[in-house]
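Only one structure is covered here, and it is reproduced in the block below.
The values are calculated or read from the model by the stated rules, or taken from the named source; none is laboratory data. Bear in mind that the values here come from a model prediction, so they are computed numbers and not experimental data. Cβ atoms come from the backbone with ideal geometry, glycine included; neighbour counts cover every protein chain shown.
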Amino acid sequence: MSRKPSDDNQNTLSRRNFMGAVVTAGAGAAAGGLILPESARAEVLFPKDRSEFGAGGAANPGGPYRSENDLYDCEVEGTLPKDLDGTWFRVGPDPQYPKPAKYEHDIMFDGEGHIGAFRIKDGHVDFRSRYARTQRWKAQHAARRSLFGMYRNPTTDDPSVNGLSRGTANTQIFFHHGKLLAMKEDSPPVAMNPVTLETTDDYYTFNGGLLGLTHTAHPKRDSETGEYIAFGYEAKGLATPDVFVFSADKTGHVNWHAWIKVPYASMIHDFAVTQKHVVFYVCPLATNMSLINGTLPQFNGPGPHFAWDSTLPTWFGVMRRGGDGKDLRWFKGPGYMCTHVMGCWSDGDKVTVDMDGGESNQFPFFPQLHEKFDPMKGAGHVMRFTVDLKNKRQTTYNIEKMYPDVVGALSRQDDRYHTVPYRYGFLLSSDPADGSRWAMFDHSKRSVNFFGLGRDASLAEMTFVPRKKGAAEADGYLIGVASYHKEGGRSDVVLVDTQHLDAGPVATIHLPYRLAPQIHGFWVDGGDLPG
C-alpha cells in the first residue's frame, strides 16, 4: 500500500537515521572506541561485475550517471531550424545508491528516474537534468543509502520505508494540463515543473480522481479532443487482477473511469486507445508471488516482480471507451510478448493495433519458469493485431508480422495520432552490419527507411517532432541521443529530417559528457510551455 507522506514523515525518517547513528556512536565511545552503524560506514561504491545493479559505477560508460546538470547554450554543429521551438524531455533509470550485496543482482529497471530537458528556441539549446524527487528518492537521500530491495518487490525493503511509494518515475514522461508527469507503472505519476524540473507533487492523483494504486507509463492523448486516457494494472495491490482505466479533461480532472479484471496479473506495459475502444494486451510475463516471496526453486532468494510462464496464453481485451467495462471481450492468442503500441484505430467494429514484440520473452533478466531464454524468439518485429467485434463467435485475434526483415523495439508514432488511423511509425532497430538505426515505416506502401551513424555510435529511442504547428503526419524531425563507444560513452543529441533520413543529421548538439540512461522521451511545443 502506498501513501502520500507529509513533510513530517520525511523529517521523521531523517531524524531516525541521524539519532540511530548518534546513539550507536555514543555506546561505542563509552566502550573505548567509536563504532558506526552499517548505514553510516557504508561506502558509495557500485559493483564492478557488469552483470550487477549499477554495474561499474562511474567508471562504466553505461553505468550510473548520478549528476544533475545545467548547460547553458550547448554547442551545436549544423543548423537548428530557426522556427523550431519546444523542449525535448527524456527519462531513464539512474541508480541513486548501490544495493546491499544480497540484492546486487537486481535489474537495471529499478534505478531512480533521471529527467533531462533540452530547450530549443531561436537556434539555441539549453540543457538541464534533475532526478524526480520521488518518495523513494527522498528517503534514500536522507539515509545516504539504498532502502528499497529488488525490483517491484516490497518484501525486500528496509522497514523504515514501510508505507512510502516505491515508484521510481523512471520510464516515461508526458505533458498534459500544464504538468510534466514522470511515470513508473507501479505507482501514481510524479508531477514536475516543465521549465525548472522541480518536483511539485511526489504522488499525483489527478485531483483525487486516480482511485487505483498504479498508473501506466504510456497514457494517450485523444487526437481530436486532447483528453488524457490512462490505466493502472494491479491497481488494488500486489498481484491483484484489477485494472483502473480512466480519462481526464484538459484541466486534469477525471471525467470517466471503470474497473475491470484481467485473466491473470502480468506486465501490461502499454495499451491502445481509439476513438471508440480501449485495448489491453496481457502477456505471459506474469506476476509471480513465489519469486517475490523467495520460494521459487529456479531463483536463489527473493527476486523481481515477474517471471516468464510459457504455459500461459496471451489475451487481447477490447472494451468500449466511456463505458462501465461490462462489455469487455477477451480474445486468446499464442504466448507472444509485445510491449509498445505503434498505432491503432477503429473502423466500425473492427479494431486494429500495431505493436512491436517477439514470439517469446524479450527480457532475459526475468526468470523463465519452463525453458531457457531464446534470443531468436524474443527478437522484436512490428506486429498487427485485428479483431472484428461484430463476430460474436470469434474467440481469437488475427496476427500479421508486417516487416519480417526489420528487428527492433520501442516503437513510436507521431504523437498527434494516438487515437486515429495513422500511416507512419518509427522503431529503434538493430542490424548486425550497421548497428543501431532509426527505422521509419510507411504502412501505406509497406516500405521502410533508416537512419544510422554506424557501429561506433549507439542510438537511443527517438521522438518525433512536428516541423511546425499543423504539419502533416510525420513531417518534421526525429530527435534522440547518440552515444560513442570510443569516447567513453560521450553523448550527442541528433536531429534528423524525416523527409531526408539518408542525408544525416541537420543538427548535432554536442555535449561534453555522457548522459543518464534513457527509456523514453517526449516533445512539448514551446507554445504549450508555461512562461
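For the stretch 202-256, give me each residue that is small (G, A, S) and in contact with a helix residue (DSSP H, G or I) (Cβ under 6 Å, 6 or more places away or on another chain).
Listed by number, the residues that qualify are S223, A239.
State the number of residues belonging to the stretch 374-404 that are in contact (Cβ under 8 Å) with a residue 24 or more places away in the chain and either buried (at least 17 other Cβ atoms within 10 Å of the Cβ) or not acidic (D, E) (or both).
Going through the stretch 374-404 one residue at a time, the tally reaches 19.
Only one residue in R136, R145, R128, R152 is basic (K, R) and touching a helix residue (DSSP H, G or I) at 6+ places or on another chain (Cβ under 6 Å). Which one?
R145
Within the stretch 479-494, count every residue that is out of contact with any Ser or Thr (no Cβ under 6 Å at 6 or more places or on another chain) and either buried (at least 22 other Cβ atoms within 10 Å of the Cβ) or touching a residue at least 24 places away in the same chain (Cβ under 8 Å) (or both).
Count: 8.
With (1) in contact (Cβ under 8 Å) with a residue 24 or more places away in the chain; (2) part of a loop (DSSP other than H, G, I, E, B) as the list, and K326 as the residue in question, which single condition is left unmet?
Answer for K326: the failing condition is (1).
Filter the stretch 477-509 down to residues that are assigned to a strand (DSSP E or B) and not polar (S, T, N, Q), then give me how many there are.
Within the stretch 477-509, the subset assigned to a strand (DSSP E or B) is 477-484, 490-497, 507-509.
Then drop every residue that is not not polar (S, T, N, Q), which leaves 477-482, 484, 490, 492-497, 507, 509.
Total meeting the criteria: 16.
Taking Q499 as the residue in question, decide whether it is of a type in the set (S, T, N, Q) and closer than 24 Å to T339 by Cα.
Taking the combined requirement at face value, the residue does not satisfy it.
Need at least 1 residues that are modelled with pLDDT of 95 or more and within 20 Å of V282 (Cβ to Cβ) per element, so show me which strands (runs of 3 or more DSSP E) inside the stretch 337-436 make the cut, counting only ones lying wholly within it. Spell out the reasoning first.
On the way: elements: 337-347, 350-358, 381-388, 398-401, 408-413, 424-431.
Strands (runs of 3 or more DSSP E) meeting the threshold: 337-347, 350-358, 381-388, 398-401, 408-413.
Could you say whether any residue in the stretch 116-124 is of a type outside the set (F, W, Y) and in a loop (DSSP other than H, G, I, E, B)?
yes
With the structure loaded, tell me whether R133 is in a loop (DSSP other than H, G, I, E, B), of a type outside the set (A, V, I, L, M) and over 22 Å from the mean Cα position of the chain (by Cα) or whether it fails that test.
Criteria not met by R133.
Looking at the stretch 495-531, which of the residues that are over 26 Å from T171 (Cα atoms) and among the small types (G, A, S) is surrounded by the most Cβ atoms within 10 Å (Cβ to Cβ)?
A507
Which condition number in (1) surrounded by fewer than 24 Cβ atoms within 10 Å (Cβ to Cβ); (2) in contact (Cβ under 8 Å) with a residue 24 or more places away in the chain; (3) of a type in the set (V, I, T) is the one that V190 fails?
The failed condition is (1).
Please state which one of A217, A239 is under 19 Å from the mean Cα position of the chain (by Cα) and either of a type in the set (A, V, I, L, M, F, W, C) or outside any loop (DSSP other than H, G, I, E, B) (or both).
On inspection, the qualifying residue turns out to be A217.
Please work out which one of (1) in contact with a Gly (Cβ under 9 Å, 6 or more places away or on another chain); (2) touching a residue at least 12 places away in the same chain (Cβ under 8 Å); (3) surrounded by fewer than 22 Cβ atoms within 10 Å (Cβ to Cβ) is the condition L291 fails and give its number.
The number of the failed condition is (3).
Give all pairs with beta carbons closer than 6 Å in which a residue from the stretch 221-241 that is closer than 19 Å to C283 by Cβ meets a residue that is small (G, A, S) and in a loop (DSSP other than H, G, I, E, B); count only pairs at least 6 apart in sequence or on separate chains.
What qualifies is G232/G212; E234/A265; A235/G212; A239/A265; P241/A265.
For the structure I just gave you, tell me whether F426 is touching a strand residue (DSSP E or B) at 6+ places or on another chain (Cβ under 9 Å), within 12 Å of M342 (Cβ to Cβ) and surrounded by 21 or more Cβ atoms within 10 Å (Cβ to Cβ).
When the stated conditions are applied, F426 passes them.
Do we find a residue being among the hydroxyl-bearing types (S, T, Y) and assigned to a helix (DSSP H, G or I) anywhere in the stretch 254-273?
Looking for residues that are among the hydroxyl-bearing types (S, T, Y) and assigned to a helix (DSSP H, G or I), one finds none in the stretch 254-273, hence no.
Consider K445 carefully, then state whether it is in contact with a helix residue (DSSP H, G or I) (Cβ under 8 Å, 6 or more places away or on another chain), assigned to a loop (DSSP other than H, G, I, E, B) and either at pLDDT below 95 or more than 30 Å from A169 (Cβ to Cβ) (or both).
It is false that K445 is in contact with a helix residue (DSSP H, G or I) (Cβ under 8 Å, 6 or more places away or on another chain), assigned to a loop (DSSP other than H, G, I, E, B) and either at pLDDT below 95 or more than 30 Å from A169 (Cβ to Cβ) (or both).
Looking only at the stretch 202-213, which residues are closer than 17 Å to H253 by Cα, touching a strand residue (DSSP E or B) at 6+ places or on another chain (Cβ under 6 Å) and crowded, with 18+ Cβ neighbours inside 10 Å?
Y204, F206, G212, listed by residue number.
Name the single residue, out of those in the stretch 153-185 being free of Cβ contacts under 8 Å to residues at least 24 places away in the same chain and part of a loop (DSSP other than H, G, I, E, B), that is farthest from D528 (Cα to Cα).
The residue in question is D158.
Quick one: in the stretch 40-80, which of the residues that are more than 20 Å from A143 (Cα to Cα) and of a type in the set (V, I, T) is surrounded by the most Cβ atoms within 10 Å (Cβ to Cβ)?
Filtering first and then ranking leaves V76.
Going through S411, S447 one at a time, which residue ends up being under 25 Å from G335 (Cα atoms) and among the small types (G, A, S)?
Working: S447 fails: under 25 Å from G335 (Cα atoms).
Result of the check over S411, S447: S411.
What's the number of the only condition in (1) part of a strand (DSSP E or B); (2) polar (S, T, N, Q); (3) under 24 Å from T156 (Cα atoms) that Q298 fails to meet?
It fails just one condition, (1).
For the stretch 467-515, enumerate the residues that are of a type in the set (G, A, S), within 19 Å of Q413 (Cβ to Cβ) and over 22 Å from the mean Cα position of the chain (by Cα).
Selection gives G470, A471, A472, A474, G476.
Looking at (1) surrounded by fewer than 16 Cβ atoms within 10 Å (Cβ to Cβ); (2) more than 27 Å from L180 (Cα to Cα); (3) small (G, A, S), which is the only condition G322 fails?
The single condition G322 does not satisfy is (2).
Would you be able to tell me the number of residues in the stretch 186-201 that are hydroxyl-bearing (S, T, Y) and part of a loop (DSSP other than H, G, I, E, B)?
Qualifying residue count, the stretch 186-201: 2.
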